[in-house]
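A.B. asks: Okay, here's the structure, questions in a sec.
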Amino acid sequence: MNVALLALLPVLMTQALRTNTEMVRDPDVWWHLANARILVSTHHFIRVEPYAFTVVGEPWMDPEWLAEVPLWAAYKAFHLSGLWVSTWLLLSGNTIAVYWRCWWRTRQAGAAFWCAAVGFLLMTVNAGPRTILFGYLCLSAELAILDAAEQGGERLLWLLPPLFLVWVNLHGSWLIGLSLLGAYLLGSGFGFSAGSLEQAKPGPGTVRRWVLVFVATVAALLVNPYGWRLVLYPFDMLMNQQLNVAVVEEWQPMQLGSAVGRVAMGCLVAMVVANLVRGRKWKLFEIVFLLFAWYAAFSHMRFAVLAAVIAMPYLTVDLVRSFSVETGGQATIPAMNALMAAGSLAVILYIFPGEAALQQGFRADFPMETIRSLDPRWRTFNAANLGGVMALESKPDYIDARMDTFEHHGVVAKYMEAIQIVRPLEVLQEDGIDHVLFAAHTPLIYTLERTPGWAVVTREGRGDDSYVLMARGQAGR
């Protein structure tokens with residue numbers, strides 16, 4: 001019953017699944033689909049820039065190729081409905097994975113359910129067809145393995161190398177998992193007792209086994225189509241993509257006044273109060289895990305999901321210990337379980353918008369007639385949110401939501417100068433732009449409409465939601 005209700009939560013609580021527009025508005029999924037199409041159709045991994053004329057011919061690798069393949073398969077088979085179902089499965093899978101770990105630690109389903117439900121509220125910051133959700137499934141698997149090792153199943157640590165072999169090809173979040181593994185092994189490598197911190201000394205041969213597991217895990221990272229370059233990719237994000245981090249909304253600090261911010265603060269307060277009521281002994285790695293999770297979440301809003309995956313099982317343990325949430329061992333009622341599962345499925349099917357509604361939302365969010373009319377020979381300066389769709393439609397773009405390669409070659413800086421009207425005409429002139437495709441209400445379109453030599457070619461949509469294609473002189477008219 002709890003699993004059925006948790007599977008229902010994403011449909012009830014996220015705009016991406018409750019409406020026919022929010023999911024398709026995600027700018028990343030379209031170039032992910034374009035990447036997977038190249039891989040599936042050519043049977044070759046991307047190694048040079050395939051879409052943007054601003055960085056044409058430059059080396060580029062696809063760091064999330066394995067996560068893109070199932071999204072493409074779903075899209076190819078069922079179109080936008082396939083993406084909707086994939087999004088639901090990813091969000092439900094992550095929520096249920098957190099629930100299982102909460103239950104496994106306490107064997108109390110009620111407390112595990114409510115903590116997993118609260119954790120899902122934190123996950124809503126990434127509620128869409130996002131490849132990072134595959135990474136969080138891997139993180140839950142890693143933490144489950146570490147939990148089992150704590151209970152005496154140290155041999156299960158040998159599952160980590162194959163897990164990371166898959167993870168490195170799914171998403172760059174593997175670096176978080178490797179850092180947590182390192183913190184676990186270092187923090188558990190010696191015994192001590194100081195105040196609320198206490199841990200037993202590892203047994204004979206344990207440390208040697210840990211070292212071998214860690215070395216094997218690092219070696220497994222190199223089993224990918226790009227070799228060491230893919231392993232270095234997350235470090236490139238940390239050190240060389242500062243503009244990307246500065247301008248993308250989900251990299252901004254968490255706003256405490258937001259719904260997610262309030263939930264995060266509520267979780268922290270609940271953990272503190274529970275430990276004041278009845279404290280317990282902590283292991284060093286547990287403290288490190290929690291500090292890292294909450295620091296990352298409050299520093300960058302997108303990592304609220306990370307806090308949910310790491311912190312919710314600890315919160316469940318604290319609540320059960322301090323407030324005796326339930327007695328445990330309750331008998332289940334199969335008929336009621338079946339009824340709740342059937343009811344949840346019925347609600348999901350009722351809310352599911354259907355292919356026609358999703359297509360309508362897609363056309364409302366993207367000027368598809370205009371994009372399909374673009375001549376591949378044009379040099380079109382496009383809004384970044386349109387770049388992925390242009391890639392999927394095989395139209396060369398100026399920029400898209402990938403950002404990494406564009407920041408390396410100065411394209412992001414130029415893009416910002418143009419859209420913020422710092423020196424828009426100079427940027428368009430320097431890059432030989434002959435067409436511009438942007439939302440009608442943007443300062444760039446306002447400026448060009450009043451600039452001699454630029455004229456409106458088409459206007460698609462209504463009001464502030466419309467897009468304008470402008471051309472320099474008589475180009476493309």
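A.B. asks: State the number of residues belonging to region 198-216 that are among the charged types (D, E, K, R) and either in a loop (DSSP other than H, G, I, E, B) or under 9 Å from S188 (Cβ atoms) (or both).
C.D. replies: 1
A.B. asks: In the set V85, V24, V56, which member is within 29 Å of A357 (Cα to Cα), among the hydrophobic types (A, V, I, L, M, F, W, C) and surrounded by fewer than 22 Cβ atoms within 10 Å (Cβ to Cβ)?
C.D. replies: Numbers: V24 fails: surrounded by fewer than 22 Cβ atoms within 10 Å (Cβ to Cβ); V56 fails: within 29 Å of A357 (Cα to Cα).
V85 is the lone residue from the list that is within 29 Å of A357 (Cα to Cα), among the hydrophobic types (A, V, I, L, M, F, W, C) and surrounded by fewer than 22 Cβ atoms within 10 Å (Cβ to Cβ).
A.B. asks: Further question on the same structure: For region 251-266, enumerate the residues that are surrounded by 14 or more Cβ atoms within 10 Å (Cβ to Cβ) and closer than 22 Å to A384 by Cβ.
C.D. replies: W251, Q252
A.B. asks: Let me ask something else. Among the residues of region 240-250, write down those that are surrounded by 15 or more Cβ atoms within 10 Å (Cβ to Cβ), part of a helix (DSSP H, G or I) and touching a residue at least 60 places away in the same chain (Cβ under 8 Å). Even if it seems obvious, please write down each step before you answer.
C.D. replies: Applying the first criterion (surrounded by 15 or more Cβ atoms within 10 Å (Cβ to Cβ)) to region 240-250 yields 241, 243-245, 247-248.
Now restrict to residues that are part of a helix (DSSP H, G or I): 243-245, 247.
Of everything in region 240-250, those that are surrounded by 15 or more Cβ atoms within 10 Å (Cβ to Cβ), part of a helix (DSSP H, G or I) and touching a residue at least 60 places away in the same chain (Cβ under 8 Å) turn out to be L243, N244, V247.
A.B. asks: Which residues, counting only those in region 460-476, are in a strand (DSSP E or B) and modelled with pLDDT under 95?
C.D. replies: To start, the set of residues in region 460-476 that are in a strand (DSSP E or B) comprises 460, 467-472.
Within region 460-476, E460, R472 qualify.
A.B. asks: Let me ask you something else. Yes or no: region 327-345 includes at least one residue that is surrounded by fewer than 21 Cβ atoms within 10 Å (Cβ to Cβ), touching a Leu at 6+ places or on another chain (Cβ under 8 Å), more than 30 Å from D464 (Cα to Cα) and not assigned by TED's automatic domain parsing to the domain that holds W84. Please lay out each step first, then the result.
C.D. replies: Let us first name the residues in region 327-345 that are surrounded by fewer than 21 Cβ atoms within 10 Å (Cβ to Cβ), namely 327-345.
Filter once more, so that each one left must be touching a Leu at 6+ places or on another chain (Cβ under 8 Å): 340, 344.
Pick out the ones that are also more than 30 Å from D464 (Cα to Cα) and you get 340, 344.
Still in the running and not assigned by TED's automatic domain parsing to the domain that holds W84: 340, 344.
Yes, the conditions are met somewhere in region 327-345.
A.B. asks: If you don't mind, another one. So which residues in region 217-239 are surrounded by fewer than 16 Cβ atoms within 10 Å (Cβ to Cβ), in a loop (DSSP other than H, G, I, E, B) and among the aliphatic types (A, V, I, L, M), if there are any at all? Talk me through it step by step, then tell me what you get.
C.D. replies: Taking region 217-239 and keeping what is surrounded by fewer than 16 Cβ atoms within 10 Å (Cβ to Cβ), we get 218-219, 222-223, 227-229, 232, 235-236, 238-239.
Restricting the remaining residues to those that are in a loop (DSSP other than H, G, I, E, B) gives 222-223, 227.
Within region 217-239, L222, V223 meet the criteria.
A.B. asks: For T124, are the conditions met, namely being crowded, with 21+ Cβ neighbours inside 10 Å, in contact with an Asp or Glu (Cβ under 8 Å, 6 or more places away or on another chain) and either more than 23 Å from T316 (Cβ to Cβ) or not acidic (D, E) (or both)? Show your work before the answer.
C.D. replies: On the way: crowded, with 21+ Cβ neighbours inside 10 Å: yes; in contact with an Asp or Glu (Cβ under 8 Å, 6 or more places away or on another chain): no; either more than 23 Å from T316 (Cβ to Cβ) or not acidic (D, E) (or both): yes.
No; evaluated as a whole, the condition is false for this residue.
A.B. asks: Could you tell me which numbered condition I310 fails, if it satisfies all but one of (1) closer than 30 Å to R402 by Cα; (2) part of a loop (DSSP other than H, G, I, E, B)?
C.D. replies: (2)
A.B. asks: Still on this structure: Mind checking which residues of region 86-115 are among the polar types (S, T, N, Q) and closer than 18 Å to L146 by Cα?
C.D. replies: Step one: of region 86-115, the residues among the polar types (S, T, N, Q) are 86-87, 92, 94-95, 106, 108.
Once the filter is applied, which keeps residues that are among the polar types (S, T, N, Q) and closer than 18 Å to L146 by Cα, region 86-115 yields N94, T106.
A.B. asks: Also, quick follow-up: Spot the failing condition for V269; the list is (1) surrounded by fewer than 12 Cβ atoms within 10 Å (Cβ to Cβ); (2) in contact (Cβ under 8 Å) with a residue 12 or more places away in the chain; (3) under 30 Å from V125 (Cβ atoms), and only one is missed.
C.D. replies: Failed condition: (2).
A.B. asks: Tell me, which residue of region 1-15 that is more than 16 Å from V263 (Cβ to Cβ) and β-branched (V, I, T) is surrounded by the most Cβ atoms within 10 Å (Cβ to Cβ)?
C.D. replies: So, considering only residues that are more than 16 Å from V263 (Cβ to Cβ) and β-branched (V, I, T), the one surrounded by the most Cβ atoms within 10 Å (Cβ to Cβ) is V11.
A.B. asks: Next question, about the same structure. Yes or no: region 40-57 includes at least one residue that is in contact with a His (Cβ under 8 Å, 6 or more places away or on another chain) and either modelled with pLDDT of 95 or more or among the hydrophobic types (A, V, I, L, M, F, W, C) (or both).
C.D. replies: Residues of region 40-57 that are in contact with a His (Cβ under 8 Å, 6 or more places away or on another chain), as a first pass: 54-55.
Going one step further and asking which of them are either modelled with pLDDT of 95 or more or among the hydrophobic types (A, V, I, L, M, F, W, C) (or both), we end up with 54-55.
Checking region 40-57: at least one residue is in contact with a His (Cβ under 8 Å, 6 or more places away or on another chain) and either modelled with pLDDT of 95 or more or among the hydrophobic types (A, V, I, L, M, F, W, C) (or both).
A.B. asks: Only one of (1) closer than 17 Å to P376 by Cβ; (2) surrounded by fewer than 22 Cβ atoms within 10 Å (Cβ to Cβ) is not met by W31, so which one is it?
C.D. replies: Result: W31 passes all but (2).
A.B. asks: I'm trying to understand the selection: among the residues of region 378-432, which are of a type in the set (A, V, I, L, M, F, W, C), crowded, with 18+ Cβ neighbours inside 10 Å and part of a loop (DSSP other than H, G, I, E, B)?
C.D. replies: The answer is W378, A383, I399, A401, M403.
The values are calculated or read from the model by the stated rules, or taken from the named source; none is laboratory data. Because the structure is predicted, anything quoted here is derived from the model rather than measured. Don't worry about glycine lacking a Cβ; one is built from the backbone with ideal geometry, like all the others, and counts go over all protein chains shown.
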